[in-house]
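Trainee: Here it is: the structure, laid out below.
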Amino acid sequence: MMGSVRDLAPIIIVIGFFQLFVLQQPLENIASLISGVFFVILGLTFFIYGLEMGLFPIGESMAHAFAQKGSVFWLLAFSFALGFGTTVAEPALIAVADEAAKVAARAGHIGSDIAAMNSYSTGLRFTVALSVGVAIVVGVLRILLNWPIHLMIMIGYVLVIIMTGFAPEEIIGIAYDSGGVTTSTITVPLVTALGIGLASSIAGRNPMLDGFGLIAFASLLPIIFVLGYGMIV
């Protein structure tokens, strides 16, 4: 808990400083604010504790189990399902997709009825979820085949730059933001643990060099997929 207090202290100090010395406005509902901060500290403490007790161990143990099983197909299937399943229900992605549908409707790019906006929002969500599933598969293949991550990332961003020149202007900002909202609080620890466990289970792989990098693909491929979604839809 003291670690959570230490981590949140800079945020509290910054907000308090600008509220009192720049905006020069008194804080309202002090009791509610203090209670809220206390619950945030509790939540962060239990969340980190839960990661250490549950998500990291289960991710690493499943990676070891798939490596011992020796089935590449089931490992890749699990990797895709993990990326797709944790992303499609991500609250931040749902919020961004719904807002994008409203803006697209106001701009006249899609119909203003609920069905059209729901269809656009759902299509955007599933496009991003599909991209994350593919991203985790690509990351796992990189570990298995020892592909150089720096070349893959550079090629990916070159493709992003090229697609940006052809994609509709209205989708570019959404595409770039989608790379950030996909890395949720559940996806990141599970995927990281999967990569570290897999790299630890394969002879000749270094967990420090090969175990990390899956999240980079999960941030890159949604940009490519959403740019393509905008060009098609």
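Trainee: Out of segment 109-149, which residues are open to solvent by 60 Å² or more (accessible area, probe 1.4 Å) and assigned to a loop (DSSP other than H, G, I, E, B)?
Mentor: Across segment 109-149, the qualifying residues are His109, Ser112, Asp113, Asn146, Trp147.
Trainee: Looking only at residues in segment 16-63 that are under 18 Å from Val188 (Cα atoms) and in contact with a helix residue (DSSP H, G or I) (Cβ under 6 Å, 6 or more places away or on another chain), which one is modelled with the lowest pLDDT? Lay out the reasoning, then the answer.
Mentor: So in segment 16-63, the residues under 18 Å from Val188 (Cα atoms) come out as 43-63.
Remaining after also requiring in contact with a helix residue (DSSP H, G or I) (Cβ under 6 Å, 6 or more places away or on another chain): 44-45, 51, 55-56, 59-60, 63.
Numbers: Leu44: 83, Thr45: 87, Leu51: 75, Leu55: 71, Phe56: 75, Gly59: 75, Glu60: 77, Ala63: 80.
Looking at residues that are under 18 Å from Val188 (Cα atoms) and in contact with a helix residue (DSSP H, G or I) (Cβ under 6 Å, 6 or more places away or on another chain), I get Leu55.
Trainee: Oh, and also: Within segment 169-214, how many residues turn out to be outside any helix (DSSP H, G or I), of a type outside the set (Gly, Ala, Ser) and surrounded by 21 or more Cβ atoms within 10 Å (Cβ to Cβ)?
Mentor: Final tally of qualifying residues: 1.
Trainee: Something else: Keeping to segment 57-79, report how many residues are over 21 Å from the mean Cα position of the chain (by Cα), assigned to a helix (DSSP H, G or I), closer than 16 Å to Val137 by Cβ and free of Cβ contacts under 8 Å to residues at least 40 places away in the same chain.
Mentor: Residues meeting the conditions: 2.
The values are calculated or read from the model by the stated rules, or taken from the named source; none is laboratory data. Computed from a predicted structure; not experimentally measured. No Cβ is skipped: glycine too gets one built from the backbone with ideal geometry, and neighbour counts run over all protein chains shown. Surface areas here come from the heavy atoms of the whole protein model, side chains and all, with no ligands, DNA or RNA. Shrake-Rupley method; radii C 1.70, N 1.55, O 1.52, S 1.80 Å.
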